[in-house]
Amino acid sequence: MNINRVLSILLILLVVVNIYLGVSIYSLYRSRNYIDDDLLTAAVEKFTANGITLHEGAIPTRKQEGYIYVGELDDYNYAGVVKELSGPDSVDNFTLMPDGYKYTLKNGDVFEFKNNYEFSYNLEKYKAILADDTSLNIEDLQVATGTEAAAVSEKITAFFKKPAFVGTYPVDIVIDKVLYGGKMQESGADVYYAYFYQAIDGVRLKGFDITAIVSAYNGEYYLIAAHGRYSFFRITERFDSQIYDQVNILFIDKYAGTYDGETGEKIISDVSPVYTAYPGNETEGQRREEYFVPAWKITYGSGNYNVYNAYNGALYTII
């Protein structure tokens, strides 16, 4: 047999094998990371037959990772957190409140840590600004420029994301928007309102949203107030688990049949992945644990929503 013909046959076989392996690997990747198209179509048809409308694109095709993360905090009363944020010898007064803990610093700063992960920080002389923020109409404010927004974001990240709060797996700070609030009357400093949230693996941590107020004067940026929910737990480990995907979770949604508005329609407008927080136990040395569990947020046509634990299908009501 001609040697050239043999080589040609072997080359063709090699190409065929590579194509087969490539298709097999891609098929495995699709099955592990994406919902099967036929399953998605069948689910939509079943919901439609039961009088429930799903908006186009309401169900994402990419699956959520099944990781459950474990976070740790060194002490139950956040004393270590305050030291990391403000320095080791900065506390002037500690107050035990009915719903949490309050630390007043020597320079007038005040930290409060309340139940359900609520957190606030502000300087005494800027209390009025923080109070005004609750009634602020953000639609009247301008979006900060790219340079200003970047500087505000850098300041917020530097304040909150201390090395002591970063474990084996990071919890990210995601800046949603930065708005320019004008100038302070007394000092002439510029004021910015930053809205951000925390995320794990790029997935939003439900309920952990912060509004921060940053001032800028002579080119320097200062964090003067913040309020919302923030997790200072560092993630030390994770374990994989089987979870409900975005199609199966819909079949255990007890509220999917709820009528939306005056039209009497039953509508699901969006299904999106989120992470949820569950308090764990106090371990040795008063160390606290926290579990971050994947979940699905189901939004209805009215704008109302429910969140379901993707591990056991339970309705999430903590935050």
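With respect to being crowded, with 19+ Cβ neighbours inside 10 Å, of a type in the set (Val, Ile, Thr), more than 24 Å from VAL214 (Cβ to Cβ) and at pLDDT below 85, ILE59 falls outside the description.
Residues being part of a helix (DSSP H, G or I) and surrounded by 17 or more Cβ atoms within 10 Å (Cβ to Cβ): count how many of those fall in segment 160-174. Residues flagged as part of a helix (DSSP H, G or I) and surrounded by 17 or more Cβ atoms within 10 Å (Cβ to Cβ) within segment 160-174 amount to 2. All conditions in (1) crowded, with 16+ Cβ neighbours inside 10 Å; (2) at pLDDT below 95 hold for PHE292, with the sole exception of (2).
Taking segment 51-105 as the range and being of a type in the set (Gly, Ala, Ser) and closer than 30 Å to GLN246 by Cβ as the test, the residues that pass are GLY51, GLY57, ALA58, GLY66, GLY71. The residues of segment 179-211 that are modelled with pLDDT under 95 and on the phi > 0 side of the Ramachandran plot, listed by number, are GLY182, GLY188, ASP201, GLY202. Here LEU54, LEU21 are screened, and the one residue that is over 26 Å from GLY202 (Cα atoms) and either within 30 Å of the chain's Cα centre (by Cα) or among the hydrophobic types (A, V, I, L, M, F, W, C) (or both) is LEU21. Check segment 176-197 and report whether any residue there is under 25 Å from ILE318 (Cβ atoms), buried (at least 21 other Cβ atoms within 10 Å of the Cβ) and aliphatic (A, V, I, L, M). There is no residue in segment 176-197 that is under 25 Å from ILE318 (Cβ atoms), buried (at least 21 other Cβ atoms within 10 Å of the Cβ) and aliphatic (A, V, I, L, M). Considering segment 295-319, the residues that are of a type in the set (A, V, I, L, M, F, W, C), within 16 Å of the chain's Cα centre (by Cα) and not in a loop (DSSP other than H, G, I, E, B) include one that is nearest to ALA277 (Cα to Cα), namely ALA295. Checking the structure you have, find out if any residue of segment 161-176 is among the charged types (D, E, K, R), within 17 Å of TYR117 (Cα to Cα) and either in contact with a Gly (Cβ under 7 Å, 6 or more places away or on another chain) or touching a residue at least 60 places away in the same chain (Cβ under 8 Å) (or both). No, that holds for no residue. Selection of strands (runs of 3 or more DSSP E) fully inside segment 175-241 by the criterion of at least 3 residues being among the β-branched types (Val, Ile, Thr) returns 203-217. Residues that are of a type in the set (Val, Ile, Thr), farther than 22 Å from ASP36 by Cα and at pLDDT 95 or above do occur in segment 268-279.
The values are calculated or read from the model by the stated rules, or taken from the named source; none is laboratory data. All figures in this text were calculated on a predicted structure; none of them were measured in a lab. All Cβ positions, glycine included, derive from the backbone under ideal geometry; neighbour counts span all protein chains shown.
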